[in-house]
Amino acid sequence: AQSVAQPEDQVNVAEGNPLTVKCTYSVSGNPYLFWYVQYPNRGLQFLLKYITGDNLVKGSYGFEAEFNKSQTSFHLKKPSALVSDSALYFCAVRKIGSQGNLIFGKGTKLSVKP
Amino acid sequence: DAGVIQSPRHEVTEMGQEVTLRCKPISGHDYLFWYRQTMMRGLELLIYFNNNVPIDDSGMPEDRFSAKMPNASFSTLKIQPSEPRDSAVYFCASTPGGTSGGDMETQYFGPGTRLLVL
C-alpha cells in the first residue's frame, strides 16, 4: 500500500539555524513527491515537488528537498530558518494510477524561535 | 487569477441542520478535490472529480455527506443532517489535469471553511 510518514509531530529550531523536516514514503515504482506548507487559518500552499531528474529539488521561500531512493526519503531542508517559517508542513505522494490524487502525511509542526 | 474560492469561510450550525459548502475551482482546472482536516485525523480526502464526474468517493464518511459538481466552475459539499463530529475545516483544491496543460500534479487549495456543529 502506498503511504507517506512524517515521524516528527513537531520540530523546534532557533532562528538562523538549519532546519530539516523528515518524510519517508512507501510506494512501488517511481514516486511523485511533494511538500506543502500550511500557515495558521490558511489552506495548504505548494512548496516543491520531485517528479524526476536531479535528486535535490529547490522550491519556494528558500526551501529544498532531497530525494533519496535507497532510503525512501524526501526530507525538507532550509539552510537558515526564519521565524516566519513557523507553520505546519505536509509531505505527500501521488497515488499510483490516479492523476492528481495525493496521499498526505499527518504533518509536522515547525516552530522557529528568535 | 483569484485562486480557489470557498464559501462560507465560517459556519456555525446546530446538530441536525443541513450544511452546504461551496467551492469555485481555478478556471481551466480539470480536477477538484474535497478534504476534511481535524486535529485527530489530519487531512482526509473525501471525494474528487475529473471534468465534473466523481472519480473516487471512498473517503466520504457516510450517507449524510454528498458532493456535486454541476459544472466546471462550481462544486458543493452537503451534510444532511449535520452532527457535532462533523466539526472540522473543509478544504477544496483543484489541479489542471492533462487536458488543460500546465502543471498536472500540483494541487491548489482554497482557504477552507471552518465548520462548527453544536
Residue under evaluation residue B:74, criteria (1) without any contact (Cβ under 8 Å) to a residue 40 or more places away in the chain; (2) away from every other protein chain (no Cβ under 14 Å); (3) surrounded by 14 or more Cβ atoms within 10 Å (Cβ to Cβ), criterion not met: (1)
For the range B:77-102, enumerate the residues that are under 23 Å from residue A:36 (Cβ atoms), of a type in the set (A, V, I, L, M) and away from chain A (no Cβ under 11 Å). B:77, B:88
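State the number of residues belonging to the range A:75-87 that are more than 10 Å from the chain's Cα centre (by Cα) and surrounded by 17 or more Cβ atoms within 10 Å (Cβ to Cβ).
Looking only at the range A:75-87, we keep the residues that are more than 10 Å from the chain's Cα centre (by Cα), and these are A:78-87.
Next cut, surrounded by 17 or more Cβ atoms within 10 Å (Cβ to Cβ) only: A:78, A:81, A:85-87.
Adding up the residues that qualify gives 5.
Only one of A:20, A:52, A:72 is farther than 27 Å from residue B:88 by Cβ, within 12 Å of another protein chain (Cβ to nearest Cβ) and among the polar types (S, T, N, Q); which?
Working: A:20 fails: within 12 Å of another protein chain (Cβ to nearest Cβ); A:72 fails: within 12 Å of another protein chain (Cβ to nearest Cβ).
From the options A:20, A:52, A:72, the qualifying one is A:52.
I want to confirm something. Restricting to the range B:34-62 and keeping residues that are within 14 Å of residue B:113 (Cα to Cα), surrounded by 14 or more Cβ atoms within 10 Å (Cβ to Cβ) and out of contact with any Cys (no Cβ under 7 Å at 6 or more places or on another chain), which single residue is farthest from the other protein chains (Cβ to nearest Cβ)?
Applying the first criterion (within 14 Å of residue B:113 (Cα to Cα)) to the range B:34-62 yields B:34-38, B:43.
Among the residues that remain, those that are also surrounded by 14 or more Cβ atoms within 10 Å (Cβ to Cβ) are: B:34-37, B:43.
Among the residues that remain, those that are also out of contact with any Cys (no Cβ under 7 Å at 6 or more places or on another chain) are: B:35-37, B:43.
Values: B:35: 8, B:36: 12, B:37: 9, B:43: 5 Å.
Only one residue fits best here, namely B:36.
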Note on residue B:110: of the conditions (1) within 10 Å of the chain's Cα centre (by Cα); (2) buried (at least 20 other Cβ atoms within 10 Å of the Cβ); (3) more than 17 Å from residue A:46 (Cβ to Cβ), unmet is (3)
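State which residue is farthest from the chain's Cα centre (by Cα) when the search covers only the range B:78-97 and only residues that are part of a strand (DSSP E or B) and over 10 Å from residue B:115 (Cα atoms).
We begin by selecting, within the range B:78-97, every residue part of a strand (DSSP E or B); these are B:78-79, B:88-95.
Next cut, over 10 Å from residue B:115 (Cα atoms) only: B:78-79, B:91-95.
On the way: B:78: 9, B:79: 12, B:91: 5, B:92: 4, B:93: 7, B:94: 10, B:95: 13 Å.
Among those residues, the one meeting the criterion is B:95.
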Only one of these is under 17 Å from residue B:89 (Cβ atoms) and in contact (Cβ under 8 Å) with a residue 12 or more places away in the chain: B:64, B:36. Name it. B:36
Residues in the range B:2-57 that are assigned to a loop (DSSP other than H, G, I, E, B) and on the phi > 0 side of the Ramachandran plot total 5
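Can we say residue A:31 is over 29 Å from residue A:52 (Cβ atoms), touching a residue at least 40 places away in the same chain (Cβ under 8 Å), within 14 Å of another protein chain (Cβ to nearest Cβ) and assigned to a loop (DSSP other than H, G, I, E, B)? If you could, list the steps in order and put the result at the bottom.
Working: over 29 Å from residue A:52 (Cβ atoms): no; touching a residue at least 40 places away in the same chain (Cβ under 8 Å): yes; within 14 Å of another protein chain (Cβ to nearest Cβ): yes; assigned to a loop (DSSP other than H, G, I, E, B): yes.
Taking the combined requirement at face value, the residue does not satisfy it.
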Among the residues of the range A:50-92, what is the count of those that are within 24 Å of residue B:5 (Cα to Cα) and of a type outside the set (Phe, Trp, Tyr)? 5
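Answer with yes or no whether residue A:81 is touching a residue at least 12 places away in the same chain (Cβ under 8 Å), among the hydrophobic types (A, V, I, L, M, F, W, C) and assigned to a loop (DSSP other than H, G, I, E, B).
Details: touching a residue at least 12 places away in the same chain (Cβ under 8 Å): yes; among the hydrophobic types (A, V, I, L, M, F, W, C): yes; assigned to a loop (DSSP other than H, G, I, E, B): yes.
In short, yes.
Where a number appears in this text, it was derived from the coordinates with a stated rule and is not lab data. Computed from a prediction, not measured in an experiment: that's the story for all the values here. When we count neighbours, we look across all protein chains shown, and the Cβ atoms used for this are built from the backbone with ideal geometry, even at glycine.
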